[in-house]
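Undergrad: Here it is, the structure in full.
The values are calculated or read from the model by the stated rules, or taken from the named source; none is laboratory data. Just so it is clear, the model here is predicted, and its values are computed rather than measured. Reconstructed Cβ throughout: ideal geometry from the backbone, glycine too, with neighbour counts over all protein chains shown.
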Amino acid sequence: MKKIEAIIQPHKLEDVKEALKGIGVDGMTISDVRGHGRQKGHKEVYRGQEYTVDLLPKVKLEIVVPDARLDQTVSALGQAARTGKLGDGKIFISSIDEAIRIRNSDRGEGAL
Amino acid sequence: MRRIPGHLGCLVLLWMSWPAAGQPPAPEGPAEKIAKLEAAVASAQTAGDNAWLLTSSALVLMMTGPGLALFYGGLVRRKNVLATMMQSFILMGAVTVLWALVGYSLAFSEGTPFLGSLKYAFLNGVGLEPNADYAATIPHQTYMVFQLMFAIITPALITGAFAERMKFSAMLLFTVLWSLVVYSPLAHMVWGKGGYLNAFLGGKIPTFDFAGGTVVHISSGVSALVCALYLGKRLGYPHEPMKPHNVVLSVIGACLLWVGWFGFNAGSAVGASGLATSAFVNTHFASAAAALGWSLAEWLRNGKPSVLGAVTGCVAGLVAITPASGFVKPMPALLIGFLAGLVCFVAVSILKGKLGYDDSLDAFGVHGVGGTLGALLTGVFGTNAINNALKDSSGHAVALGLADGNAGQILNQLWAALISWGLAIVGTLVILKVVDLVLGLRVSQDEEIEGLDLSQHGEEAYN
């Protein structure tokens with residue numbers, strides 16, 4: 001099992017959700033996060049007081065998939081989230097040791 | 001609509017016009033008729049004037065709550081929004097009680113040129129009969145309650161300077177003392193009968209302040225600066241971000257201030273008169289031009305005109321036109337507003353940063369600076385073509401400002417502004433010292449970090 005953590009532009013969330021649904025991935029966890037990579041922040045001015053806002057709002061998706069579905073999921077996600085500009089985000093992939101469905105204690109890929 | 005049959009209508013008319021049997025109409029001489037007419041005219045004028053003044057009183061109260069409470073509340077961080085709004089709201093209670101007991105008397109009864117007496121204490125003698133010195137056509141109580149609304153908003157304006165760091169108890173004691181030591185004396189000097197600066201009621205230095213450029217705005221703005229300097233900066237200012245937590249609230253607040261200001265300025269005509277219209281138009285014009293002035297300056301300097309800038313500009317324009325609103329023509333009002341937008345922008349956005357004091361919500365930059373500018377420009381543009389209430393011994397309207405050829409008035413205005421500055425500085429310093437000794441002014445560091453909503457009031461705004 002692999003966990004895909006993707007940090008994407010908030011306005012791309014709908015596209016990504018649709019793309020994942022299209023390939024049959026229907027479980028995901030989403031959180032609102034703030035952060036930055038190479039994208040520069042922006043400046044805000046309130047009555048002459050300047051603030052540099054470099055932690056920008058992003059959305060983080062967490063998805064766990066069977067190993068066999070990893071490539072397909074990552075490519076669908078990447079395509080849907082891409083605008084080609086700085087700030088599109090990152091995808092991180094890691095291995096998952098175990099998954100348990102709380103309702104009936106199913107384990108392993110069957111629990112996904 | 002239901003129609004009454006014709007013959008029935010005729011019957012009703014006949015019955016109404018039929019003289020009652022055995023009661024011939026009493027003969028009425030022309031003198032009696034005239035007396036009755038005069039009474040009817042006076043009563044009609046009272047009805048009109050009183051309706052406008054009561055409406056204006058309500059409008060001016062609306063400026064404090066919710067107007068100022070929202071304007072200031074939006075500018076602070078979310079952990080302090082309730083405490084900030086409370087600082088305005090509680091004054092609607094505290095100053096009202098104080099005003100009823102002694103405040104009104106100290107400001108508006110006859111006494112020395114610098115302070116009234118206790119003649120009207122507990123509103124003794126302040127009834128429904130007009131007080132001809134102040135307003136001959138409305139009940140004295142209407143005038144009293146109208147003036148009360150000014151006394152409420154003035155200390156509320158100061159709270160912008162010490163927002164996010166002052167103890168609630170200290171703030172309450174400070175504003176109560178300030179009302180007595182600074183507000184009432186200054187109101188007496190400028191508006192009270194026999195007041196030192198009152199051009200209309202026997203003042204030694206005739207000064208024109210239609211609705212409170214000195215009494216309200218210089219006094220609150222300059223006191224605000226003293227408070228900001230005395231209390232020191234907020235923890236983390238200026239390197240920690242202290243962005244306004246909700247500019248939407250501030251926009252709503254500023255719009256309420258704009259509308260309420262019609263009561264503030266046009267109500268100060270103390271009648272539903274042409275002068276009220278003049279003040280209304282000037283108020284609106286100055287506010288509009290100031291919003292544009294500030295936006296333009298910001299656009300040129302920062303590349304973008306901010307919403308917060310536009311609404312702050314409108315308030316600056318309202319402040320500056322306040323003393324002039326019943327003395328100038330509409331075109332000078334536009335100019336006064338536009339200048340106020342530019343000058344207050346420089347004070348708030350450039351000078352404050354350079355001087356380094358933490359006037360958290362810019363009470364000084366807007367009210368102190370705008371009020372002083374307005375007080376001086378009243379001496380420039382004041383004209384008896386708008387306000388001819390002041391007559392010389394032969395009954396001719398007196399020249400008011402430079403616009404009438406009376407350049408010396410600018411010096412009078414300057415003197416009044418200096419006196420207001422002086423009283424505000426000295427009075428505020430003394431009161432701060434006293435409150436500091438009795439209660440302590442600032443919350444503890446932990447309480448400041450936690451936020452005043454929780455530490456002072458045990459509540460949170462957004463749950």
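Undergrad: Would you say B:ALA224 is assigned to a helix (DSSP H, G or I), crowded, with 24+ Cβ neighbours inside 10 Å and within 14 Å of another protein chain (Cβ to nearest Cβ)? Reasoning before the result, please.
TA: Values: assigned to a helix (DSSP H, G or I): yes; crowded, with 24+ Cβ neighbours inside 10 Å: yes; within 14 Å of another protein chain (Cβ to nearest Cβ): no.
It is false that B:ALA224 is assigned to a helix (DSSP H, G or I), crowded, with 24+ Cβ neighbours inside 10 Å and within 14 Å of another protein chain (Cβ to nearest Cβ).
Undergrad: Do we find that B:LEU308 is at pLDDT 95 or above and more than 20 Å from B:THR84 (Cβ to Cβ) in this structure?
TA: In short, no.
Undergrad: Can you pull out every residue in segment A:55-77 that is crowded, with 17+ Cβ neighbours inside 10 Å and of a type in the set (Ser, Thr, Tyr)?
TA: A:THR73, the sole residue that qualifies.
Undergrad: Can you work out which of the residues in segment A:78-88 that are of a type in the set (A, V, I, L, M) and farther than 21 Å from A:LEU112 by Cβ is surrounded by the most Cβ atoms within 10 Å (Cβ to Cβ)?
TA: So, considering only residues that are of a type in the set (A, V, I, L, M) and farther than 21 Å from A:LEU112 by Cβ, the one surrounded by the most Cβ atoms within 10 Å (Cβ to Cβ) is A:ALA81.
Undergrad: Any idea how many residues of segment B:227-265 are part of a loop (DSSP other than H, G, I, E, B) and within 14 Å of chain A (Cβ to nearest Cβ)?
TA: 13
Undergrad: Of all residues in segment A:11-38, which are surrounded by 13 or more Cβ atoms within 10 Å (Cβ to Cβ) and either farther than 9 Å from A:ALA80 by Cβ or touching a Phe, Trp or Tyr at 6+ places or on another chain (Cβ under 6 Å) (or both)?
TA: Across segment A:11-38, the qualifying residues are A:LEU13, A:ILE23, A:VAL25, A:MET28, A:ILE30, A:VAL33, A:GLY35, A:HIS36.
Undergrad: Another one. Evaluate segment B:343-353: report whether one residue or more is of a type in the set (Gly, Ala, Ser), over 22 Å from B:THR214 (Cα atoms), part of a helix (DSSP H, G or I) and in contact with a strand residue (DSSP E or B) (Cβ under 9 Å, 6 or more places away or on another chain).
TA: Checked against the condition, which is being of a type in the set (Gly, Ala, Ser), over 22 Å from B:THR214 (Cα atoms), part of a helix (DSSP H, G or I) and in contact with a strand residue (DSSP E or B) (Cβ under 9 Å, 6 or more places away or on another chain), segment B:343-353 yields at least one hit.
Undergrad: Mind checking whether some residue in segment A:81-97 is out of contact with any Phe, Trp or Tyr (no Cβ under 7 Å at 6 or more places or on another chain), of a type in the set (Val, Ile, Thr) and free of Cβ contacts under 8 Å to residues at least 24 places away in the same chain? Before the answer, list the steps.
TA: In the first step, residues of segment A:81-97 are kept if they are out of contact with any Phe, Trp or Tyr (no Cβ under 7 Å at 6 or more places or on another chain); the result is A:81-97.
Pick out the ones that are also of a type in the set (Val, Ile, Thr) and you get A:83, A:91, A:93, A:96.
Going one step further and asking which of them are free of Cβ contacts under 8 Å to residues at least 24 places away in the same chain, we end up with none.
Checking segment A:81-97: not a single residue is out of contact with any Phe, Trp or Tyr (no Cβ under 7 Å at 6 or more places or on another chain), of a type in the set (Val, Ile, Thr) and free of Cβ contacts under 8 Å to residues at least 24 places away in the same chain.
Undergrad: Another one. Exactly one of (1) loosely packed, with under 13 Cβ neighbours inside 10 Å; (2) touching a helix residue (DSSP H, G or I) at 6+ places or on another chain (Cβ under 9 Å); (3) within 14 Å of another protein chain (Cβ to nearest Cβ) is unmet by A:THR52. Its number?
TA: (2)
Undergrad: Okay, next question. Give the number of residues within segment B:378-396 that are within 17 Å of B:ALA269 (Cβ to Cβ) and assigned to a helix (DSSP H, G or I).
TA: Going through segment B:378-396 one residue at a time, the tally reaches 1.
Undergrad: State whether the residues of segment B:146-160 include one that is more than 24 Å from B:LYS204 (Cβ to Cβ) and in a loop (DSSP other than H, G, I, E, B).
TA: The answer is yes, given that some residue of segment B:146-160 is more than 24 Å from B:LYS204 (Cβ to Cβ) and in a loop (DSSP other than H, G, I, E, B).
Undergrad: Within segment B:203-237, which residues are in contact with an Asp or Glu (Cβ under 7 Å, 6 or more places away or on another chain) and either charged (D, E, K, R) or within 18 Å of B:LYS193 (Cβ to Cβ) (or both)?
TA: Initially, segment B:203-237 is screened for residues in contact with an Asp or Glu (Cβ under 7 Å, 6 or more places away or on another chain), giving B:215, B:224-225, B:228, B:233-235, B:237.
The answer is B:VAL215, B:LYS233, B:ARG234.
Undergrad: Report, by residue number, each residue of segment B:294-333 that is buried (at least 24 other Cβ atoms within 10 Å of the Cβ), away from chain A (no Cβ under 14 Å), in a helix (DSSP H, G or I) and not β-branched (Val, Ile, Thr).
TA: Of everything in segment B:294-333, those that are buried (at least 24 other Cβ atoms within 10 Å of the Cβ), away from chain A (no Cβ under 14 Å), in a helix (DSSP H, G or I) and not β-branched (Val, Ile, Thr) turn out to be B:GLY317, B:LEU318, B:ALA320, B:PRO332, B:ALA333.
Undergrad: Could you tell me which numbered condition B:SER393 fails, if it satisfies all but one of (1) within 14 Å of another protein chain (Cβ to nearest Cβ); (2) among the hydroxyl-bearing types (Ser, Thr, Tyr); (3) free of Cβ contacts under 8 Å to residues at least 60 places away in the same chain?
TA: Failing condition for B:SER393: (1).
Undergrad: Cβ contacts < 7 Å: first residue within 12 Å of chain A (Cβ to nearest Cβ), restricted to segment B:352-370; second residue surrounded by fewer than 24 Cβ atoms within 10 Å (Cβ to Cβ) and among the hydroxyl-bearing types (Ser, Thr, Tyr), any location; separation 6+ or different chain. Result?
TA: B:ASP358/B:TYR237
Undergrad: On to the next question. So, in segment B:334-351, of the ones that are surrounded by fewer than 21 Cβ atoms within 10 Å (Cβ to Cβ) and within 13 Å of chain A (Cβ to nearest Cβ), which residue ends up modelled with the highest pLDDT?
TA: Only one residue tops the list, namely B:VAL346.
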